[in-house]
Amino acid sequence: MITIDSVVIVRGGGDIASGTIHRLHRCGFNVLVLELAQPLVVRRRVSFAQAVVDTKVIVEDTTAVRIEKAADACRTWKQGHVPVLVDPEAQSITVIKPDVVVDATLAKKNLGTHRGMAPITIGLGPGFTAGVDVDAVVETLEGHFLGSLIFKGQGRPATGVSVPLMGYSRERVLRAPCDGTIHNSAEIGDVVKKGDVIARVDGEPITAEIDGVVHGLIQHGMPVTTGLKVGDIDPRGVQSYCHTIFDKARAIGGAVVEAILYLSRRTGS
């Protein structure tokens, strides 16, 4: 039976995943985050994945720290923190034996999560089939059904279009112009104007298409590929938004908590 100190492994620590991690941690669950060795997160100030790079990161009132092996998770939980482990293949699941596994990679396809990993398995967004490879899917597409739970079937496919803010959608997104290494000229939270150079990839500039605040920007020095989203600009110009979990992530995080409690009652897990 699920209790407040049950163990939840979350695959992925990006900004959407971090809304879930934050809610689970505040509810008392022992959360372990599994990430890539080089996380390609854009909204780094609100992503627990950044602990892989910085060793320690604080998102709102929750601290996450990088650990080097799964056995270190218990010590980190006792300290009241969230452990983050480089383990993209989720091999630590055999060591930790979690009560719940949440796939929050948002890869738009299943990268190996299956129902045998834990008594309760949950997938965020498209790429999962509830009742087949996970027990529940959380809808991640903006709109009327955002955060709804699916217990049979799949979520809606991603549109590839950012939600409009002040009438801007495509213009808000910064993408790599070529393959190479990114070198940032701006920082998250900077106020920028249309035409400003935000970063360069092997000398090729990435410029702002609108005025606003740099809301997200991939880690300086990361290898990137052509067309990869490497940043975004918020035309609202509110710098504090760069450092707080945003509405979509909170909604999805609440849905994950609901799914865990619902499935626990239904299955007796």
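Within the set 131, 155, 160, the sole residue that is over 23 Å from residue 209 (Cα atoms) and modelled with pLDDT under 95 turns out to be 155. Residues in segment 89-138 that are assigned to a strand (DSSP E or B), over 13 Å from residue 10 (Cα atoms) and over 17 Å from the mean Cα position of the chain (by Cα): 130, 134, 136. The sole residue among 252, 188 that is closer than 20 Å to residue 16 by Cα and in a loop (DSSP other than H, G, I, E, B) is 188. Output yes when any residue across segment 153-165 is under 27 Å from residue 104 (Cα atoms), of a type in the set (Lys, Arg) and in a loop (DSSP other than H, G, I, E, B), and no when none is. Yes - at least one qualifying residue is present in segment 153-165.
Residue 4 meets the conditions (1) at pLDDT 95 or above; (2) more than 15 Å from residue 88 (Cα to Cα) in every case but one. The failed one is (1). Considering 75, 44, the condition of being at pLDDT 95 or above, in contact with a helix residue (DSSP H, G or I) (Cβ under 9 Å, 6 or more places away or on another chain) and either surrounded by fewer than 24 Cβ atoms within 10 Å (Cβ to Cβ) or among the hydroxyl-bearing types (Ser, Thr, Tyr) (or both) is satisfied by 44 alone. Scan segment 70-99 and report the pairs whose first residue is charged (D, E, K, R) and whose second residue is in a strand (DSSP E or B), with Cβ atoms within less than 6 Å and a gap of 6+ or a chain change. Filtered contacts from segment 70-99: 87/34; 99/7.
The values are calculated or read from the model by the stated rules, or taken from the named source; none is laboratory data. Quantities reported herein were computed from a predicted structural model and do not represent experimental measurements. A quick note on method: Cβ atoms are made from the backbone with ideal geometry, for glycine too, and the neighbour counts reach across all protein chains shown.
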